[in-house]
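Asker: Okay, here's the structure, questions in a sec.
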Amino acid sequence: MANYFLDTPGFKHHLHHPLMKRIVELKERNYADKDEFDYAPYDFEDAMDSYEKVLEIVGEICDEIIAPNAEGVDQEGPKVKDGRVSYASGTQQNLDTVRKAGLMGISMPRRYGGLNFPITPYIMAADMVSRADAGFENLWGLQDCAETLYEFGNEDQRKRYIPRVCGGETMSMDLTEPDAGSDLQSVMLKATYSEKDDCWYLNGVKRFITNGDSDIHLVLARSEEGTRDGRGLSMFIYDKRNGGVNVRRIENKMGIKGSPTCELVYKNAKAELCGERKLGLIKYVMALMNGARLGIMAQAVGLCEAAYREGYAYALERKQFGKAIIEFPAVYEMVALMRAKTDASRTMLYETSRFVDVYKALEDISRDRKLEPEERQEMKKYSKLADAFTPLGKGMTTEYANQNAYDAIQIHGGSGFMKDYACERLYRDARITNIYEGTTQLQVVAAIRHVTTGTYLTQIREYEALDYKPELEPLRQKLIEMTSRYDEIVGLVMDPKDSEYLDFHARRLVETAGHCIMGYLLLQDANKDEVNFRRSAEVYITYGQAEVNKHYSYITTFDPKDIGYFKHS
Amino acid sequence: MSLKIIVLAKQVPDTRNVGKDAMKADGTVNRAALPAIFNPEDLNALEQALQLKDEHPGSTVTLLTMGPARAAEIIREGLYRGADGGYLLTDRAFAGADTLATSYAISMAIRKIKDYDLIICGRQAIDGDTAQVGPQVAEKLGLSQITYAENILQVKDGKITVKRRLERGVETVEGKLPIVITVNGSAADCRPRNAKYIQQYKHAKTVTEKQEATVDYTELFSNRPYLNLTEWSVADVQADVEQCGLSGSPTKVKKIENVIFQAKESKTFEPTDHNIDELMKELILNHTIG
């Protein structure tokens, strides 16, 4: 019996990062809950021990229930009948199990029935669930929506809905429509206020809604008649108990087939406003998406790990020309790189989740009292870092998930092309991660301003200034060279002050920042735990430096006039 | 009606995950090399009890286990899944017990608990495979028993209806409370440990464990009395020392033989530790053993 938490050293390593002390202190507020809730921690050590124990439960369920169900779920998929969705039998068993294990509403405050965990251990659970079955991570991970409901709903709404989520009811975020995908400003679902009934009614169609037949929906709808842009949109809560929304069809997807993707028809569906009018897209959905992006990063990391393990196991087992194929340089290089990309993605994920943790915990405190000036500074710093790291991390890790899934099949050769091995499912499941919650191209759009304003460079310099063991100095030197090339090409691209030119090279610049940052994070990991991370640090930085040099070469030899050749005529 | 349920559970060596150190040179089980786990069919029994608790609000589930100090883990594992409390029968004088001495000790503890409607246990433990303790406990307490239970269908008006899984089919029977039920491995799997319960009960300790603990949680144990797990000795349950442990066990092991299977296919290995490890893995994987 394996346990996903215990068989991957990265979890405990990242959980015991020094910043966790501050995070837990902020989240537990002098451990005051212990007098009221008998499952609340006594002190920091007690809290950390609780996270580990709960993550062990998750690790066990992943190994014993969710992973063995994944193949059946992929084949059976959900069904729709009379406007209602029924899950595949394995999905239903997974849901029953995580409910019984009390793994819903993990990050919600205890007063609403949650576990009050920081985001970091919650994301670790998502990472494991995704390794077991990426499609199931979507359903389970939608408990994130409770976070948005908590942040922007009023106390009455929190009390009515959050305990239901903690008790196991599912959620969905109904944003996209047939004509509003990446461009959510064009959402047309109509919200009409009825004076008579003192409530809102929703009418229209939503499309590509994950788990669209959920119990509690957050819905983006046009509340301001006559408007056409994002400022006319508000966020609503629709409770399935009230009725009015039917599932017209579910999509036949390439991957994550266990997770129903629904087309929804709203017919006078009674709903209540969440937060203030007109802030639906510009404030609430943006917050929702940032949380969701972190979730997709976790999904990508879980997939990276799963693909690596499938590829590695097969490379050990498969014999050709009289030896295991992993003995051949062409194969062991692939395997080593898959491991390195997985470790790089995971270290990026938890660095980001810690940033999110600090600022969200401070933000939550600010709901109850005024923050001290230094606390405000701290919140600002981490909020900015979270804002910079989320799109960069989402972009990089989801691409790596795809690359690892691709390589896993390559290692399997012809067998990997058959349905007999898990790698083909991983390949299909990974393919959506760099598309939904914003494509990689849109992550670049969000990340590029942190290239131009220097957020990444400042952070890289901070990493550079840390103490490393002498034997890691050669790696640090490589990273210093990479950083200097990064700095140089950023200057080159920004110099003409031409926004199209910047956009043209944006992905190259963002990726270069990504290689420097992930390289330094792995260097820190290797500094703390030589045995588990040194190899990945070496392999990743070697790879990252070559990638940086490629981008450097492209940009330094590129004549801006040549953009014309790329344009559609 | 609310029910008072006692679940009998045993900590056993995990014979499903055997490595090369599983047996000692003298042919006895090397318990130190095997992880100690909750006997699988006792988990099935616990699930039946917890389902009854779900259906009958106000019911309580109490675990009773016998073993060394570390067997307190069994009680905690029960608490993590929704049980309400437990007792650990532990005393040097209980050591070396066969099924007769074990059922005697357990029945004495149940007499001390006194107030109960149902006693549920697994059919048998994976270390002894006797399936005798449950029935013997029933006999000693003068209770009726239903063995090989797969599903407790209902408890109503002082009666229990149970589906039994037998060799050639199923049988539904009814019995009068109080009663002893032994549960088959084909019954529903036990629910997972719960995230809240594990945080609530992880500090639960017996007196012996508290003495050995490095961290002092004195305040915790006085604020949350349910964290104090009860240990009972031979004297606590007013048992006769002569009937306990080795002295109360008529079973004597005469000889242990290694059984050699008649193999149709054969494989030859160089006798290295690595090859033996690989073979063990293969045999576990194809369910030849475990």
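The values are calculated or read from the model by the stated rules, or taken from the named source; none is laboratory data. What you see is a predicted model; the values in this text were computed from it and never measured. Note that we place each Cβ from the backbone using ideal geometry, even for glycine, and neighbour counts take in every protein chain shown.
Okay, residues lined up against (1) in contact (Cβ under 8 Å) with a residue 24 or more places away in the chain; (2) of a type in the set (S, T, N, Q); (3) farther than 26 Å from B:TRP232 by Cα; (4) in contact with a helix residue (DSSP H, G or I) (Cβ under 6 Å, 6 or more places away or on another chain):
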| position | (1), (2), (3), (4) |
| --- | --- |
| B:ARG111 | yes, no, no, no |
| B:ILE119 | yes, no, no, no |
| B:GLY142 | no, no, no, no |
| B:GLN145 | yes, yes, no, yes |
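Asker: So which helices (runs of 4 or more DSSP H) stay within segment A:395-478 end to end and still have 1 or more residues that are more than 20 Å from A:ILE256 (Cβ to Cβ)? Don't jump to the end; show me each part of the working.
Answerer: Numbers: elements: A:422-430, A:440-452, A:455-464.
Those helices (runs of 4 or more DSSP H) span A:440-452, A:455-464.
Let's see how each residue does on (1) in contact with a strand residue (DSSP E or B) (Cβ under 6 Å, 6 or more places away or on another chain); (2) aliphatic (A, V, I, L, M):
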site	(1), (2)
A:GLY105	no, no
A:ARG110	no, no
A:MET128	no, yes
A:LEU142	yes, yes
A:GLY153	yes, no
A:ASP156	no, no
A:ILE162	no, yes
A:CYS166	no, no
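Asker: I need the full set of residues from segment B:202-224 which are within 9 Å of chain A (Cβ to nearest Cβ) and either touching a helix residue (DSSP H, G or I) at 6+ places or on another chain (Cβ under 6 Å) or touching a residue at least 40 places away in the same chain (Cβ under 8 Å) (or both), in order please.
Answerer: B:LYS202, B:HIS203
Asker: Among the residues of segment A:257-284, how many are more than 18 Å from A:VAL205 (Cα to Cα), crowded, with 22+ Cβ neighbours inside 10 Å and touching a strand residue (DSSP E or B) at 6+ places or on another chain (Cβ under 9 Å)?
Answerer: The qualifying residues number 3.
Asker: Now a separate question. Testing B:ILE198 on (1) more than 16 Å from the chain's Cα centre (by Cα); (2) surrounded by fewer than 20 Cβ atoms within 10 Å (Cβ to Cβ); (3) at pLDDT 95 or above; (4) not acidic (Asp, Glu), one condition comes back false. Which one is that?
Answerer: Result: B:ILE198 fails condition (2) only.
Asker: Any idea how many residues of segment A:479-490 are loosely packed, with under 15 Cβ neighbours inside 10 Å and over 12 Å from A:LEU457 (Cα atoms)?
Answerer: Matching residues across segment A:479-490 total 1.
Asker: Enumerate the helices (runs of 4 or more DSSP H) found wholly within segment A:1-93, keeping only those where 3 or more residues are buried (at least 21 other Cβ atoms within 10 Å of the Cβ) and within 12 Å of another protein chain (Cβ to nearest Cβ). Can you show your working first?
Answerer: Details: elements: A:9-15, A:19-28, A:44-61, A:67-76.
Answer list for segment A:1-93: A:44-61.
Asker: Let me ask something else about it. Which residues, taken from segment A:47-67, are without any contact (Cβ under 8 Å) to a residue 12 or more places away in the chain and not polar (S, T, N, Q)?
Answerer: Going residue by residue through segment A:47-67, those that are without any contact (Cβ under 8 Å) to a residue 12 or more places away in the chain are A:49-50, A:53.
Correct list: A:ASP49, A:LYS53.
Asker: Read through the list (1) among the polar types (S, T, N, Q); (2) over 18 Å from A:ALA134 (Cα atoms); (3) touching a helix residue (DSSP H, G or I) at 6+ places or on another chain (Cβ under 7 Å), then give the number of the only condition that A:GLN377 fails.
Answerer: Status for A:GLN377: all satisfied but (3).
Asker: Where residues in segment B:5-34 are in a helix (DSSP H, G or I) and small (Gly, Ala, Ser), which of them is modelled with the highest pLDDT? Write out each step before concluding.
Answerer: Narrowing segment B:5-34 to residues in a helix (DSSP H, G or I): B:31-33.
When the remaining residues are screened for being small (Gly, Ala, Ser), the result is B:32-33.
Working: B:ALA32: 73, B:ALA33: 76.
In this case the residue turns out to be B:ALA33.
Asker: For segment B:233-244, does any single residue satisfy the condition of being within 30 Å of B:ALA22 (Cβ to Cβ), outside any loop (DSSP other than H, G, I, E, B) and either out of contact with any Lys or Arg (no Cβ under 8 Å at 6 or more places or on another chain) or within 14 Å of chain A (Cβ to nearest Cβ) (or both)? Walk me through how you get there before you give the answer.
Answerer: As a first pass, look at segment B:233-244 and keep what is within 30 Å of B:ALA22 (Cβ to Cβ): B:244.
Those still in the list that are outside any loop (DSSP other than H, G, I, E, B) too: none.
No, there is no match, as no residue in segment B:233-244 is within 30 Å of B:ALA22 (Cβ to Cβ), outside any loop (DSSP other than H, G, I, E, B) and either out of contact with any Lys or Arg (no Cβ under 8 Å at 6 or more places or on another chain) or within 14 Å of chain A (Cβ to nearest Cβ) (or both).
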